[in-house]
Every structure is written in C-alpha cells, then in structure tokens.
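The values are calculated or read from the model by the stated rules, or taken from the named source; none is laboratory data. Just so we're clear, the structure is a prediction, and the values are computed from it rather than from any experiment. Heads up, the Cβs are rebuilt from the backbone with ideal geometry, glycines too, and the neighbour counts pull from every protein chain shown. Areas reflect the complete protein model, heavy atoms only, side chains present, ligands, DNA and RNA absent. Shrake-Rupley method; radii C 1.70, N 1.55, O 1.52, S 1.80 Å.
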Amino acid sequence: MGAIWGAVFPITKIAVSTGYKPFGIMLWQMLIGIVLSVAIQLLRGKRLHFRREHMPVYIGVALLGSVLPNYFSYTASAQLPAGIVSIIIALVPLFSMPIALALGYEKLSALRTLGALSGAVAIALLIGPEAALPDPSKYWFVLVMAVAPLLYGMEANFLTYMGDRGLDAVQVLFGATVIGLVCAIPLSWVSGQGISPFEPWGAPKLAIVSGAALNFSAYVGYVWLIRRAGPVFSSQVAYLVTGWGVVISMVFLGERYSIWVWIAMGLMLLGIALVRPRKV
C-alpha cells in the first residue's frame, strides 16, 4: 500500500506540471473511482449500497479523505518537489494519535508516542534549513500541504467512530466517490478548471488516469486496515508512503536531496517498528 500510494505523488507532479488544476483533476479521479468500484463489485458479485443510513459515512469520507485533502495536496504539488510532498504526508499519525487519544480509541503508550515523535523528528530534518526547499519562498506551501494529513488523521478517527455499518471498503469508496463527484462537477465548472478528454493526450493526462487508479487501490486497502488495526496504526502507512515517494521521485523525476533525507528515513522506519496494532 505504501509503495502504491508513494508513487501517486510523483505521478501527481507530472499531472500538475502543465497547469492542470485541483478541481479538474478531482473530477477525473472521481469518475475513474466510480468505474473501478462498480467493476470490482460486479466481479465479486456484491451490491453497491446507497441507503440513507450510509450517507454520513459517504459524506465524511468524501470530504475528509478526498475532496478537501486532494485540493490542498494538488495545490501544493504544483509548487513543491514530489519528494517533499511525500515527506509531509507522514504527518498523518502525528495528527491521528492525539485525536484518537481524546476520543478514547487508543491508549497512551510510551512506545507509540516515541514512534510518532520519531516521525516528527524525521519531518523536521527533511524540511529544516539543511534540507531547504529549492525555492525558500515556497515554504508557505509546506503549510498548505500539511492540511491534507490533518484531514486524513481526522478521517481515520471518523471511520472508527462511525463503524462499518455493514459496508465493505469498496462500498464505502463507491459512495464517497459519488459524493465527491457531486462536489467536483460544479467546482470544476465554476472555477473553469475542467479538463477536456478530447484534447491531445500526453504524459499529464496519462498521469491523472494512472494516479487515480493507484490512489483508489491504495485507498481501499487503507479503509480496510483502519477497521482491523485502528486509526493510529493505519496512519503509519504514511511513513512508507514517504519512503517510497522519495525514492520514486528520485528515480523517475531526477529529484535529489541531502544526507538528512536518509537520516530522516531511518527515523521513519524506527517509528514504524515502535508502533503495534491494537488487538481486535
């Protein structure tokens, strides 16, 4: 899951490289997500529910896990290196843990806290002065990007609070994607950010399609994992997303970083080792 999701950030960088905007990309992402979820459920012989009692789950996942975080991450991706975007996403467990503690879903643990702090130190090293952005004036977009992991941390706890309500991961994603599409259509139209499928296809459009498919597959796994391991452990996938995102960005986009990146990645691995899923 971490490798698949990590690839989404450099792919997104390609998608926004020619000026494609968040709402236009989101519209394509929602359409592709609906097609994939319908196809998967047909192959599995399962129904796609869209009942009244399921709407709170669909709306919450659509807003906290798709529409809002995607807007901030796409906006930041246009200004920041893909590797830096991958690094910032590791803030998810730092936001998820205090929310889970406040709601009583997780118990305070020295090892878990140390694991989360290890990730925090890693992020500090990566965006600190020694690993400064290519353009220091873009620090503002680091804060913009940080809103996305905050929303993902809220979403993980929201799903724990709501329960599955008889839905599996694909059904949840289908409903949320329909709600997301309802939001994306007017937003892309009013903002003039629509992307025509009839214009010439190149790397950016192919990146939108492949990124949407990869994001959908990883997201299904994420929703499944939250149900079985709790929001804090599930959010640790952010560390693996960071590691893979940095490596893939270096290989395919030619991005280069300082020695502090590799020290930080070691701290991220330590953070994962210190966190254990709760018993279910």
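Summary table below
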read-out: Residue check, P98 open to solvent by 20 Å² or more (accessible area, probe 1.4 Å) and in contact with a helix residue (DSSP H, G or I) (Cβ under 9 Å, 6 or more places away or on another chain); value: yes
read-out: Top-ranked residue in the stretch 4-28 [being more than 24 Å from V178 (Cα to Cα) and hydroxyl-bearing (S, T, Y); ranked as surrounded by the fewest Cβ atoms within 10 Å (Cβ to Cβ)]; value: T18
read-out: Residue within the stretch 233-242 that is within 22 Å of R52 (Cα to Cα) and open to solvent by 60 Å² or more (accessible area, probe 1.4 Å) present; value: no
read-out: Per-region count, the stretch 160-181, residues of a type in the set (A, V, I, L, M, F, W, C) and either over 22 Å from I40 (Cα atoms) or under 11 Å from the mean Cα position of the chain (by Cα) (or both); value: 1
read-out: Wholly enclosed helices (runs of 4 or more DSSP H) of the stretch 1-91 bearing at least 1 residues basic (K, R) and at pLDDT below 90; value: 22-44
read-out: I248 vs. criteria β-branched (V, I, T), at pLDDT below 80 and either surrounded by fewer than 23 Cβ atoms within 10 Å (Cβ to Cβ) or over 15 Å from the mean Cα position of the chain (by Cα) (or both); value: no
read-out: Residues (surrounded by fewer than 10 Cβ atoms within 10 Å (Cβ to Cβ) and small (G, A, S)) located in the stretch 39-53; value: G45
read-out: Checking S258 against (1) open to solvent by less than 10 Å² (accessible area, probe 1.4 Å); (2) of a type in the set (S, T, N, Q); (3) farther than 14 Å from F9 by Cα, the condition it does not meet; value: (1)
read-out: Selected residue (criterion: surrounded by the fewest Cβ atoms within 10 Å (Cβ to Cβ)) from residues of the stretch 132-173 that are closer than 26 Å to G104 by Cβ and of a type in the set (S, T, Y); value: Y161
read-out: Residue within the stretch 101-111 that is open to solvent by 10 Å² or more (accessible area, probe 1.4 Å), within 19 Å of A146 (Cα to Cα) and touching a Pro at 6+ places or on another chain (Cβ under 9 Å) present; value: no
read-out: Unique match (being outside any helix (DSSP H, G or I) and aliphatic (A, V, I, L, M)) among L108, L117; value: L108
read-out: Any hit, the stretch 194-201, residues being open to solvent by 10 Å² or more (accessible area, probe 1.4 Å) and either over 22 Å from A78 (Cα atoms) or polar (S, T, N, Q) (or both); value: yes
